[in-house]
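In what follows, a structure is listed as structure tokens, so that the remarks can point back to it.
The values are calculated or read from the model by the stated rules, or taken from the named source; none is laboratory data. Bear in mind the structure is a predicted one, so any value in this text is a computation, not a measurement. Glycine gets a Cβ as well: all are built from the backbone with ideal geometry, and neighbour counts include every protein chain shown. Accessible surface is based on the protein model in full, side chains and every heavy atom, while ligands, DNA and RNA are left aside. Shrake-Rupley method; radii C 1.70, N 1.55, O 1.52, S 1.80 Å.
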Amino acid sequence: MCDTDEDSIEGDGDTKGEQQRETDSDGDQEKPASIVSLAETSGIAEDSTVHSAAGEVVDLTSYLSYDSEVFIRGLPVEIVLTMLSIQVVIHTMIQLDDAFPVLAAEELEVINVSHNTSTPFSEDHTDHSEFLDCAAEGTEIRVPCLSPKWQEEEWKAVGRILSKGFMDQGYFPLRLAPAFTTALIFGEHAVSSDILFESLLLYLSHCERDLLATALKEDLDSDGQDELFDLLDRMGVKTVPSRDNLKAVLLQVAHKQLIQTPKYALDNMSAVAGKHLRTNLTTPEKIQCMSADKKPTCRKVLKLIDATPVTPADRQALGFLQQYIRGLDEMGLRRLLRFVTGSDVICVTGIQVTFTALEGLARRPVAHTCGPLLELPSTYYSYPELHVEMENVLTSNYYTMDIV
């Protein structure tokens, strides 16, 4: 099940409700590709059972006894975190025992897809609200916001997911604030003033960022001062700073917003993820290097493309693809990577491109995230044709890569 046609027009209903099995690469055991699903879930009760309207219950213990990564698809983030909090899913890190829960079914799918690395932190997941959108706040970078629904075990479950994605597939959510990430792995004492201030600027909106940049350089007019005082008041500052001490005040604001406010989430995530992440990210500087390496740019993505065009039509299609990539902003590059590789950051060393002769309504790019491989039609007669079809695929809410 690792080959996926993300934008395929074919319905997925043909396989829902069917129990499929795949053979492991070493041929030792059979593994289920999917199990029946659950249309309506009301949550996981104290007896670790998910209930459906139909009341149908499936015991998954026998399906999860083999030694591989198993993930749950098709459930809200809160339900998945509850399952992880009772330690039932990521059993490369957690030993399964005989007390594995009994789950109900009708849109619940258990899959073995360790190649698809878009975890709940991945931005473009469209089935349910993602972690960084539904449980975090900020603009370009975000930090968790506390909720009565998310207690100690839920935040520890988030930490397990964070650790699992990075240790197994090299995936890390770059939209987490650098100051928060540094504190999570090394403790808040390791967060430098530079990282704190840079994180605050990216946490704020562009308008607020420009306002602070101006205020640090020159005196503001009356309207600008009103906007600055309003911003500081919303951040909890009750004094009027001068231009000389404004940066010191902003550092205090940054520490409050990025470290103190989400401290409960930070501590619980760090308790389960910190030691694992420190095995590879041994210094705060390595966090910055990792972020720089994984952040997609046009040049990096173009270097990943590995294609051998044979015909003039192949070469023309490849040229159109390269032109399309050069025109993408960071958001577009993340969407493209997620479509082709399953991750919105750079986690692969190359992307193979092959060419197809699809035409008419059947013509569309097809992605296989296991390769990763992109099947590109060589039947585009102009760049606008490729541009329109790629945009339709990447901005569509149809394809999903959810492997929580």
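Close contacts from segment 159-174, counting a first residue that is without any contact (Cβ under 8 Å) to a residue 24 or more places away in the chain and a second that is surrounded by fewer than 24 Cβ atoms within 10 Å (Cβ to Cβ), with Cβ to Cβ under 6 Å and a gap of 6+ residues or different chains, come to none at all. Checking each residue of segment 250-264 against the condition of being open to solvent by less than 20 Å² (accessible area, probe 1.4 Å), of a type in the set (S, T, N, Q), within 27 Å of Asp133 (Cα to Cα) and part of a helix (DSSP H, G or I) gives no match.
The residue of segment 157-210 that is farthest from Thr283 (Cα to Cα), among those that are open to solvent by 30 Å² or more (accessible area, probe 1.4 Å) and of a type in the set (Ser, Thr, Tyr), is Ser205. Residue pairs whose Cβ atoms lie under 6 Å apart, sitting 6 or more positions apart in sequence or on different chains, and linking a residue in segment 183-210 that is over 25 Å from Arg278 (Cα atoms) to a partner that is not in a helix (DSSP H, G or I), are Ser205/Thr139.
Collect the residues in segment 265-297 that are outside any helix (DSSP H, G or I) and either surrounded by fewer than 16 Cβ atoms within 10 Å (Cβ to Cβ) or among the polar types (S, T, N, Q) (or both), keeping them in residue-number order. Arg278, Thr279, Asn280, Thr282, Thr283, Lys295, Thr297 - these are the residues of segment 265-297 that are outside any helix (DSSP H, G or I) and either surrounded by fewer than 16 Cβ atoms within 10 Å (Cβ to Cβ) or among the polar types (S, T, N, Q) (or both). Scan segment 324-346 for residues that are open to solvent by 30 Å² or more (accessible area, probe 1.4 Å) and in contact with a helix residue (DSSP H, G or I) (Cβ under 6 Å, 6 or more places away or on another chain) and jot them down. If the condition is that a residue be open to solvent by 30 Å² or more (accessible area, probe 1.4 Å) and in contact with a helix residue (DSSP H, G or I) (Cβ under 6 Å, 6 or more places away or on another chain), then Arg326, Arg335 are the ones that fit.
Would you tally the residues in segment 217-249 being closer than 25 Å to Ile195 by Cβ, open to solvent by 60 Å² or more (accessible area, probe 1.4 Å) and touching a residue at least 12 places away in the same chain (Cβ under 8 Å)? So the count comes out to 2.
Filter segment 215-234 for residues that are over 15 Å from Val249 (Cβ atoms), assigned to a helix (DSSP H, G or I) and not polar (S, T, N, Q); which is nearest to the chain's Cα centre (by Cα)? Looking at the filtered set, the residue picked out is Glu227.
Highlighted here are the strands (runs of 3 or more DSSP E) found entirely within segment 310-404 that include at least 3 residues which are among the polar types (S, T, N, Q): 351-356. Taking the criterion of being among the β-branched types (Val, Ile, Thr) and within 14 Å of Thr182 (Cα to Cα), the residues of segment 280-311 that qualify are Thr282, Thr283, Ile287.
Just checking, how many residues over segment 174-195 are within 25 Å of Arg338 (Cα to Cα) and of a type in the set (Gly, Ala, Ser)? Residues flagged as within 25 Å of Arg338 (Cα to Cα) and of a type in the set (Gly, Ala, Ser) within segment 174-195 amount to 1. When the residues of segment 353-396 are filtered to those that are closer than 26 Å to Lys164 by Cα and out of contact with any Phe, Trp or Tyr (no Cβ under 9 Å at 6 or more places or on another chain), the one that is least open to solvent (accessible area, probe 1.4 Å) is Pro372. Does Val301 fit the bill of being modelled with pLDDT under 95 and open to solvent by less than 40 Å² (accessible area, probe 1.4 Å)? Here the answer is no, as Val301 does not meet what is asked.
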